[in-house]
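Engineer: Let me give you the structure first, and then I'll get to my questions.
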Amino acid sequence: MNRLTWRKMVNAVMSSVTALCALIAVVPLLFVLGLLVVKGTSSLNWAFFTKLPVPVGETGGGIANAIVGSAELLLLAALFGVPLGVAGGIYLSEFGGWGVPFVVRYAADLLVTVPSIVIGIFAYAVVVLPVGHFSALAGGFALGVMLLPIVVTNTEQFLRTVPVWLREGSLALGAGHWKTTMSVVVPAAMQGILTGILLALARVAGETAPLIFTAFNNAYWNRGLNQPVSSLPYMIWIYGISAYDDWHRQAWAAALLLLGLVLVVNVLSRLVLARRMASRRIA
Amino acid sequence: MMNRRSLVSLLGLAVCAGLVGLGSLLSPGPSNVSIAEPVPLPSVLINAAGATFPYPIYSKWFSEYHKLHPDVEFNYQSVGSGAGIRQTIDKTVDFGASDGPMNDQQLAEAKQKLGYDILHFPTVLGADVPCYNIPGVTAELKFTPESLSNIYLGKITKWNDPALTGPNPGVKLPNTDIVVVHRSDGSGTTYIWTDYLSKINPAWASKVGRNTSVNWPVGLGGKGNEGVAGLVKETPGAIGYVELIYAIQTHIPYGVVENKAGKFIKADLASVTAAATGAAANMPDDFRVSITNAPGADAYPISSFTWLLIPSHIADATKRDDIKAFLKWMLTDAQQYNEGLDYARLPKAVVAKEMTQINRVQ
């Protein structure tokens, strides 16, 4: 065997090994997707989307209230976490200097790693106990707290990718610091920031733990922000650990729905980002 | 100075972001938001939380009551008796539910914190059953008080222990380890179980005692009756304890238990009702009574009442009237739904006594 064939052989073996590893790495995702489609599709019917849950052990009904509830909670989380997070990110990137941003960044990194159940307990202590009842607001607050550090970090990262010469150009033309930030830097990073927000929302959409003792759950429609509300992950949890076949089927369907929504958001945000890259190249 | 346009654009950014998030969530199907069921008129929402033991019957009742009174919604969440008691004391729910009565210390804490009493209203009767998963064994096993308590004390570790093979002569029990399953959350089902074990085994009473959660000598924890049923179903060699209806609905075999009179009794409506007859005659005024290890030849020994925990003072007049109306309906018409879910009806004497207690809710 000459040297060349040996090298070709090693090359072939190593590349197939890495290819196999890559394949194995995506297998779990494919399994999860496949399993959800197989088990969940059969229960995705009109009633599932439009009806309220039925009493324990009875078949039928749906989780319409949980679907609407999840949307409500995410909207609240966005209203709470997004303005604060984006503003915080702008401060860190554009105005902070060195000392304060270091501390804030460190705190944000820590907050990302805090287990979500702890955030749930925090929201229970600062919102539910003083107010005296569970509510959609408390759930939205808990999700917002989870959202906040992700949005701060993302916003800062994307603002930092805006080239310095853009800022310099704006300043040289006589615009102030704030004007430069709002009219030049933020618009340039806008699509990136939006992507970050979408990904953060997709991330918290699947959280159950922060909702258990904040949003609680509601067997009926939510009738106000100060009343308990149902949500998709909570229903998956409750139905999943139940002892009833029909609830198991609905849990699979709800999981499929949730995963579908998260995937849509993910793909959407990638598209937004891709457009940003394209427009950048033209500029 | 910041000009108005940038302020507006910043605000716009925030709002857009929120809306985009919501929009993308709702986008995959128009079916999400189109509400086929007309949303009824604004109504009273009453929140309650607690026991999983009676959850099947409670959710049936609340659903039926809503059909009769479309303007009232009872939102009951089965978070476990321990959490039910806690949330009642913390006043985050309108009322609670538990299968272990609140102890004196908890009642005192509630009184001190809330300024009024928490009243116990028995709702139905149920039973803890020992359920198991032994590969190759489908027979109905006979358990003695000794075998049950020693399994949970960790003294009996094999399925072919003489204490188990003795009462089950026809059954071929394997030489495999027993996997003990108990509840991980604060649970009234646990209270009933440990209350029973405390009565029949002094070693249990001194070492472990009775409570909604205890320091288990051995075993794995499952969350809720659902969780224990699930663990037992998935684990070969497992034994656990669940409310009767959970064993029936999940098709897990469950055993018969030797009662105080020395008879092996299967948990069913008649044997649970028999366990309550003694207590029905001398019900204490606060309804906190244990009927485990009850006398009577036909009494199932691990039976119990389960209670709603109703505050004696409800400030909101509408909620108060609705809760009182519900209690009356529950004690009368609603009891017809019990048998369908294998819960026993309340004895007549207890119902009459509870009817007078409803007046204490002010």
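Engineer: Consider A:Gly88 against the criteria (1) in contact with a Ser or Thr (Cβ under 9 Å, 6 or more places away or on another chain); (2) at pLDDT below 90; (3) over 27 Å from A:Trp237 (Cβ atoms): it satisfies all of them except one. Which criterion is unmet?
Structural biologist: (2)
Engineer: Select from segment A:195-211 the residues that are farther than 15 Å from A:Leu75 by Cα and part of a helix (DSSP H, G or I) and list them in ascending order.
Structural biologist: A:Thr195, A:Gly196, A:Ala209, A:Pro210
Engineer: For segment A:116-136, name all the residues that are more than 9 Å from chain B (Cβ to nearest Cβ) and free of Cβ contacts under 8 Å to residues at least 40 places away in the same chain.
Structural biologist: Result: A:Val118, A:Phe122, A:Ala125, A:Val126, A:Pro130.
Engineer: Name, by its number, the condition in (1) over 21 Å from the mean Cα position of the chain (by Cα); (2) of a type in the set (D, E, K, R); (3) more than 23 Å from B:Ser78 (Cα to Cα) that does not hold for B:Arg320.
Structural biologist: Failing condition for B:Arg320: (3).
Engineer: Shifting gears a bit: Which of the following residues is closer than 28 Å to A:Leu271 by Cβ, assigned to a helix (DSSP H, G or I) and aromatic (Phe, Trp, Tyr): A:Phe122, A:Phe158, A:Phe141?
Structural biologist: On the way: A:Phe122 fails: closer than 28 Å to A:Leu271 by Cβ; A:Phe141 fails: closer than 28 Å to A:Leu271 by Cβ.
From the options A:Phe122, A:Phe158, A:Phe141, the qualifying one is A:Phe158.
Rundown of residues vs (1) under 18 Å from the mean Cα position of the chain (by Cα); (2) within 14 Å of chain A (Cβ to nearest Cβ), yes/no style:
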position	(1), (2)
B:Gly237	no, no
B:Val242	yes, yes
B:Ile245	yes, yes
B:Thr250	yes, yes
B:Val256	no, no
B:Gly262	no, no
B:Ile265	no, no
B:Val272	yes, no
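Engineer: Here's another thing I want to ask about it. Can you find, within segment B:90-118, the residue that is nearest to the other protein chains (Cβ to nearest Cβ) among those that are crowded, with 21+ Cβ neighbours inside 10 Å and of a type in the set (A, V, I, L, M)?
Structural biologist: B:Val93
Engineer: Counting only residues that are buried (at least 20 other Cβ atoms within 10 Å of the Cβ) and within 14 Å of chain A (Cβ to nearest Cβ), which one in segment B:323-362 is farthest from B:Asn282 (Cα to Cα)?
Structural biologist: If we take residues in segment B:323-362 being buried (at least 20 other Cβ atoms within 10 Å of the Cβ) and within 14 Å of chain A (Cβ to nearest Cβ), then B:Leu341 is farthest from B:Asn282 (Cα to Cα).
Engineer: Pick out the one residue from A:Val32, A:Val54 that is of a type outside the set (Ser, Thr, Tyr), within 14 Å of another protein chain (Cβ to nearest Cβ) and surrounded by 12 or more Cβ atoms within 10 Å (Cβ to Cβ).
Structural biologist: Values: A:Val32 fails: within 14 Å of another protein chain (Cβ to nearest Cβ).
Answer to the check: A:Val54.
Engineer: Continuing with the same structure: Would you check which residues across segment A:216-259 are of a type in the set (A, V, I, L, M), under 23 Å from A:Phe31 (Cβ atoms) and without any contact (Cβ under 8 Å) to a residue 24 or more places away in the chain and list them?
Structural biologist: A:Ile241, A:Ala251
Engineer: Please tell me if B:Thr250 is in contact with a Pro (Cβ under 9 Å, 6 or more places away or on another chain), buried (at least 16 other Cβ atoms within 10 Å of the Cβ) and farther than 14 Å from B:Val124 by Cβ. Please lay out each step first, then the result.
Structural biologist: On the way: in contact with a Pro (Cβ under 9 Å, 6 or more places away or on another chain): no; buried (at least 16 other Cβ atoms within 10 Å of the Cβ): yes; farther than 14 Å from B:Val124 by Cβ: yes.
So B:Thr250 fails the test.
Engineer: Restricting attention to segment B:125-156, report how many residues are out of contact with any Pro (no Cβ under 9 Å at 6 or more places or on another chain) and loosely packed, with under 14 Cβ neighbours inside 10 Å.
Structural biologist: Summing the residues that are out of contact with any Pro (no Cβ under 9 Å at 6 or more places or on another chain) and loosely packed, with under 14 Cβ neighbours inside 10 Å in segment B:125-156 gives 0.
Engineer: Which one of the conditions (1) farther than 30 Å from A:Lys179 by Cα; (2) surrounded by fewer than 24 Cβ atoms within 10 Å (Cβ to Cβ) does A:Leu73 fail to meet, given that it meets all the rest?
Structural biologist: Unmet for A:Leu73, out of (1) farther than 30 Å from A:Lys179 by Cα; (2) surrounded by fewer than 24 Cβ atoms within 10 Å (Cβ to Cβ): (2).
Engineer: Now for a separate question. Please work out if A:Gly69 is within 14 Å of chain B (Cβ to nearest Cβ), within 26 Å of B:Pro56 (Cβ to Cβ) and not in a helix (DSSP H, G or I). Reasoning before the result, please.
Structural biologist: On the way: within 14 Å of chain B (Cβ to nearest Cβ): yes; within 26 Å of B:Pro56 (Cβ to Cβ): yes; not in a helix (DSSP H, G or I): no.
No, not satisfied.
Engineer: Additional query: Only one of A:Val103, A:Val86, A:Val10, A:Val37 is closer than 30 Å to A:Gly192 by Cβ, of a type in the set (A, V, I, L, M) and surrounded by fewer than 16 Cβ atoms within 10 Å (Cβ to Cβ); which?
Structural biologist: Numbers: A:Val86 fails: surrounded by fewer than 16 Cβ atoms within 10 Å (Cβ to Cβ); A:Val10 fails: closer than 30 Å to A:Gly192 by Cβ; A:Val37 fails: closer than 30 Å to A:Gly192 by Cβ.
Result: A:Val103 is the single residue among A:Val103, A:Val86, A:Val10, A:Val37 that is closer than 30 Å to A:Gly192 by Cβ, of a type in the set (A, V, I, L, M) and surrounded by fewer than 16 Cβ atoms within 10 Å (Cβ to Cβ).
Engineer: Among the residues of segment A:209-223, is there at least one that is among the charged types (D, E, K, R), more than 17 Å from A:Ala123 (Cβ to Cβ) and within 8 Å of another protein chain (Cβ to nearest Cβ)? Give the derivation first.
Structural biologist: Taking segment A:209-223 and keeping what is among the charged types (D, E, K, R), we get A:223.
Still in the running and more than 17 Å from A:Ala123 (Cβ to Cβ): A:223.
Add one more test, that the residue is within 8 Å of another protein chain (Cβ to nearest Cβ), and what stays is A:223.
Within segment A:209-223, one or more residues are among the charged types (D, E, K, R), more than 17 Å from A:Ala123 (Cβ to Cβ) and within 8 Å of another protein chain (Cβ to nearest Cβ).
Engineer: Among the residues of segment A:50-63, is any among the polar types (S, T, N, Q) and over 30 Å from A:Ser170 (Cα atoms)? Before you say what the answer is, go through the steps one by one.
Structural biologist: Looking only at segment A:50-63, we keep the residues that are among the polar types (S, T, N, Q), and these are A:50, A:59.
Retained after the next criterion (residues that are over 30 Å from A:Ser170 (Cα atoms)): A:50, A:59.
Yes; the residues of segment A:50-63 include at least one that is among the polar types (S, T, N, Q) and over 30 Å from A:Ser170 (Cα atoms).
Engineer: Further, regarding this structure: Would you confirm whether or not segment B:201-224 contains a residue that is surrounded by fewer than 23 Cβ atoms within 10 Å (Cβ to Cβ) and within 12 Å of chain A (Cβ to nearest Cβ)?
Structural biologist: Looking for residues that are surrounded by fewer than 23 Cβ atoms within 10 Å (Cβ to Cβ) and within 12 Å of chain A (Cβ to nearest Cβ), one finds at least one in segment B:201-224, hence yes.
The values are calculated or read from the model by the stated rules, or taken from the named source; none is laboratory data. Predicted, not measured: the structure shown is a model, and the values here were computed from it. Counting neighbours? That spans all protein chains shown, and the Cβs are built from the backbone with ideal geometry, glycine included.
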